[in-house]
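Enquirer: I have a structure here, written as structure tokens, and I will follow up with some questions on it.
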Amino acid sequence: MYTMRDVARLARVSVATVSGVVNGKATIRPALVSRVQGAMRALDYHPDQVARSLKVRRTTTIGVVIPDFGSGFFVEVVRGVEDVARTAGYSVLLCNSNDDVTQEQRHLSVLLSRRVDGILLASTDPYSMGGRQKRPNTPIVLFDRIPPGYTGAAVIIDNMAAAYSATKYLISLGHTRIAFISGRLDLSTGKDRADGFRKAMEEAHLPIRYDYFKSGDFKAGSGVRCGLELLRLPEPPSAIFSSNSQMTVGLLEALQQSPLKCPDDVSVLGFDDLGTGTEGLSFGALIRPQLTVIAQPGYQIGQRSAEMLLGMLTNGADVDGADRGEVVTLKADLCVRQSVIPRQA
């Protein structure tokens, strides 16, 4: 195994110069940087990041904990985080809590034990304060979900306003028999979307029927179950609003098992698109009929969350986000396609 001294010898520079290149010191002449980097490649030399992190007291890594690797929305968030982190010279450690509180706490413990510089968290624990009790000097930024009582840094969308506007759109097309498939009501995203639906229905003096309000859990299986229950009613709804992409996929599966067709018999509106490719192509626009959705700015949420966390690190934050309190609220837009049509007579 080659050492920094071997790199210095091959590049014909001092060990101090090699160390400066490794640590990104800006005062080293470009020609010397090029020689050192060439010698490192020739020797396949990789700096000992563990030893370096102990010396400089930072690891240039951030941890990201999301609840679902299968969600197109969270994939977009992570893509935004990684682009910002990479540009700033940081690496990302990605963890999947699988919407399980125990797994989330285990991931947080591992990330803290690995001395990550900061953490981005979409918490599945409605009572979590972001794990700050374990290592209060690690900055934390929450995104997508905010537990009750959390007063720290976060990046979210206005879920209530988005769900309200989606429901108002269905009402504007003459739909009165509108069903809603909720997510977990103990999470801010689930509760706020349900509240937006209720507000729009109440303002229009439309009843929220017990058999039209179905409780899901943000997973596809609950979308299938709730969808079948709605489609098999003696009087099925004329429109169904599903409050996340995974449950919308399940609802579409339920429609495959039903004689009812979308959009002729029942309109479908989803919260979240089904994901996008690296060039921005929406998967929701590829299926037939193309899905009308509330499109969340997942990539921008990831970007803004990472920028906020790196800003805290750059500014030498010695307390977590609970004492900084900045909450950035981004806008989600209604994307009208083909799966919603005016109510049929």
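The values are calculated or read from the model by the stated rules, or taken from the named source; none is laboratory data. The shown structure was predicted, so the numbers you read here are calculated from the model rather than taken from an experiment. When we count neighbours, we look across all protein chains shown, and the Cβ atoms used for this are built from the backbone with ideal geometry, even at glycine.
Enquirer: Give GLN246, GLN290 a once-over and let me know the one that is under 16 Å from SER339 (Cα atoms), at pLDDT below 95 and not in a strand (DSSP E or B).
Expert: Numbers: GLN246 fails: under 16 Å from SER339 (Cα atoms).
Step by step, each of GLN246, GLN290 is checked, and only GLN290 is under 16 Å from SER339 (Cα atoms), at pLDDT below 95 and not in a strand (DSSP E or B).
Enquirer: For the stretch 167-183, what are the residues that are without any contact (Cβ under 8 Å) to a residue 60 or more places away in the chain and either of a type in the set (A, V, I, L, M) or not in a helix (DSSP H, G or I) (or both)? Show your work before the answer.
Expert: Start the filter on the stretch 167-183 by keeping residues that are without any contact (Cβ under 8 Å) to a residue 60 or more places away in the chain, which leaves 168, 171-172.
ILE171 - this is the single residue of the stretch 167-183 that is without any contact (Cβ under 8 Å) to a residue 60 or more places away in the chain and either of a type in the set (A, V, I, L, M) or not in a helix (DSSP H, G or I) (or both).
Enquirer: Could I ask something else about it? Could you go through the stretch 123-135 and let me know if any residue there is in the same structural domain as SER222 (by TED's automatic domain parsing), charged (D, E, K, R) and on the phi < 0 side of the Ramachandran plot.
Expert: Within the stretch 123-135, the subset in the same structural domain as SER222 (by TED's automatic domain parsing) is none.
Looking through the stretch 123-135, none of the residues is in the same structural domain as SER222 (by TED's automatic domain parsing), charged (D, E, K, R) and on the phi < 0 side of the Ramachandran plot.
Enquirer: To continue, here is another question. Identify, please: which residue in the stretch 174-186 is out of contact with any helix residue (DSSP H, G or I) (no Cβ under 6 Å at 6 or more places or on another chain) and at pLDDT 95 or above and is, among those, surrounded by the most Cβ atoms within 10 Å (Cβ to Cβ)?
Expert: In the first step, residues of the stretch 174-186 are kept if they are out of contact with any helix residue (DSSP H, G or I) (no Cβ under 6 Å at 6 or more places or on another chain); the result is 174-177, 186.
Those still in the list that are at pLDDT 95 or above too: 174-177.
Details: GLY174: 13, HIS175: 26, THR176: 15, ARG177: 17.
Here the residue is HIS175.
Enquirer: For the stretch 191-204, state whether one or more residues are buried (at least 16 other Cβ atoms within 10 Å of the Cβ), closer than 24 Å to SER71 by Cβ and among the aliphatic types (A, V, I, L, M).
Expert: yes
Enquirer: Checking the conditions here, which among ASP83, ASP44 is surrounded by fewer than 17 Cβ atoms within 10 Å (Cβ to Cβ), at pLDDT below 85 and of a type in the set (Asp, Glu)?
Expert: Numbers: ASP83 fails: at pLDDT below 85.
Answer to the check: ASP44.
Enquirer: List every residue pair whose Cβ atoms sit under 6 Å apart, with the two residues 6 or more apart in sequence or on different chains, where the first one lies in the stretch 254-276 and is within 13 Å of VAL340 (Cβ to Cβ) and modelled with pLDDT of 95 or more and the second, anywhere, is outside any loop (DSSP other than H, G, I, E, B) and small (Gly, Ala, Ser).
Expert: Pairs that qualify, where the first residue is within 13 Å of VAL340 (Cβ to Cβ) and modelled with pLDDT of 95 or more and the partner is outside any loop (DSSP other than H, G, I, E, B) and small (Gly, Ala, Ser), are SER267/ALA239; LEU269/ALA166; GLY270/SER242.
Enquirer: Here is a follow-up. Has the stretch 102-124 got any residue that is in contact with a His (Cβ under 8 Å, 6 or more places away or on another chain), buried (at least 16 other Cβ atoms within 10 Å of the Cβ) and in contact (Cβ under 8 Å) with a residue 24 or more places away in the chain? Before the answer, list the steps.
Expert: Just the residues of the stretch 102-124 that are in contact with a His (Cβ under 8 Å, 6 or more places away or on another chain), to begin with: none.
Within the stretch 102-124, none of the residues are in contact with a His (Cβ under 8 Å, 6 or more places away or on another chain), buried (at least 16 other Cβ atoms within 10 Å of the Cβ) and in contact (Cβ under 8 Å) with a residue 24 or more places away in the chain.
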